[in-house]
């Protein structure tokens with residue numbers, strides 16, 4: 001079985017959120033199971049940096065990267081236009097399956113189209129990007145009319161990461177027979193007790209943590225607003241790369257008279273990411289349309305409870321783990337109530353038990369086994 005994974009941003013392009021991490025860990029786990037696979041991506045790293053090595057191997061995964069025509073357009077507008085990608089049209093014919101991560105970008109659309117022409121089945125794992133939400137919705141509608149709808153219709157199999165995402169697929173008219181639900185795996189480095197996050201970033205007091213991209217649907221404004229209902233000694237740390245929302249968040253903090261209690265750190269990577277989780281009172285990841293979410297599980301594995309919204313896949317999985325709290329989306333006071341009632345001693349037992357659940361149910365080996373079974377099923381159905 002030869003499988004090609006296609007993703008616009010891959011290993012170390014962490015500024016783009018969860019998809020580069022998820023696709024990388026899945027590929028590495030599948031290789032360990034004996035699946036012969038390669039990955040195609042672009043040179044995107046973040047808004048300012050590109051990948052210099054375009055053909056490389058990481059954790060046993062051979063990767064071919066193509067240079068984007070503009071790194072800024074890739075980051076700001078998700079306009080991934082990889083130069084020289086045309087050579088993949090012929091290479092595609094040598095694969096049994098194409099597994100695409102994410103939706104609505106030219107890399108994935110072109111690869112999907114060429115796979116169809118070559119008679120190679122396509123599996124699409126959008127990780128929350130199939131529905132038209134949040135930013136640039138009019139532009140997305142145009143894209144769907146020209147490319148996206150056709151791509152969806154030609155897809156052989158869809159992987160949803162939660163029942164909430166499966167429901168989105170069904171509402172879009174996708175047949176239930178074509179949908180498999182497989183959660184994402186979770187991996188986080190063990191926190192280094194020698195690393196002091198507060199000292200490194202000048203955080204002088206207890207804090208609640210938001211970690212992730214700074215985008216509108218993440219509910220970051222409600223994390224900041226929740227400080228109004230918490231003691232003055234409690235701060236909010238907002239950690240993540242700015243996708244255009246930073247000015248509005250700073251203005252909100254100033255308007256509410258909370259500027260001195262909000263710390264913006266920018267993107268956090270190992271070992272400071274894990275230390276930020278470990279030292280927080282709680283991690284708040286109460287966004288809208290969050291069909292899975294990695295942050296809350298990473299937080300739990302680092303020993304800290306998580307607060308998520310109750311109307312999404314993140315809430316669905318946090319309930320199964322038993323390691324966090326659900327609040328209505330957009331309710332800052334509800335966030336504050338949960339934080340105020342946290343009992344450190346009781347939390348230790350609860351978080352420890354949840355961490356064991358995560359290790360048993362959301363490890364990458366278990367996820368890869370289920371994905372490999374999907375590959376085998378698609379190929380078996382194709383031979384009928």
Practice problem: Measure nothing but the geometry: give the 0 to 90° angle between the long axis through the Cα atoms of 364-383 and the longest principal axis through the Cα atoms of the chain, rounded to 10°. | Solution: 30
Quiz item: Taking only Cα atoms, what is the 0 to 90° angle, nearest 10, from helix 344-361's long axis to the longest principal axis of the chain?
Solution: 10
Quiz item: With axes computed from alpha carbons, what is the tilt in degrees of helix 18-32 against the longest principal axis of the chain, rounded to the nearest 10 within 0 to 90?
Solution: 60
Quiz item: If eta is 0.692 mPa s and T is 37 °C, what Stokes-Einstein diffusion coefficient results for the stretch 197-361, Kirkwood Rh from Cα pairs, in µm²/s?
Solution: 212
Practice problem: Quick one: compute the contact order of the chain, relative version, from alpha carbon pairs under 8 angstrom and 6+ residues apart, as a percent. | Solution: 14
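Using Cα pairs closer than 8 Å and at least 6 residues apart in sequence, work out the relative contact order for the stretch 197-361, in percent.
22
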Self-check item: Option label - percent of Cα pairs over 37 Å apart computed here, alternatives (i) 20; (ii) 25; (iii) 31
Solution: (i)
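When the helices in the chain are scored as -39500 (n - 2.57) per DSSP H run of 4 or longer and the sum is shared across all residues, what 222 nm value do you end up with, to the nearest 500 deg cm²/dmol?
Calculated from helices alone, the mean residue ellipticity at 222 nm is -11500 deg cm²/dmol.
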Self-check item: Hydrodynamic radius (Kirkwood) for the stretch 117-247, which is based on Cα pairs only, to one decimal in Å
Solution: 18.5
Self-check item: Between the stretch 237-255 and the stretch 283-347, the Cα center-to-center distance that results, in Å
Solution: 21
Quiz prompt | the stretch 18-109, Rg to Rh (Cα coordinates; Rh as Kirkwood inverse mean 1/r) | solution = 0.95
Practice problem: First check a/c for the stretch 324-376, with a ≥ b ≥ c the square roots of the eigenvalues of its C-alpha gyration tensor; if it is under 1.5, answer rounded, and if not, answer prolate when a/b is larger than b/c or oblate otherwise. | Solution: oblate
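Every read-out reported here was derived from the displayed coordinates using simple, explicitly stated rules and does not represent laboratory data. Since this is a predicted model, take the numbers as computed values, not measurements.
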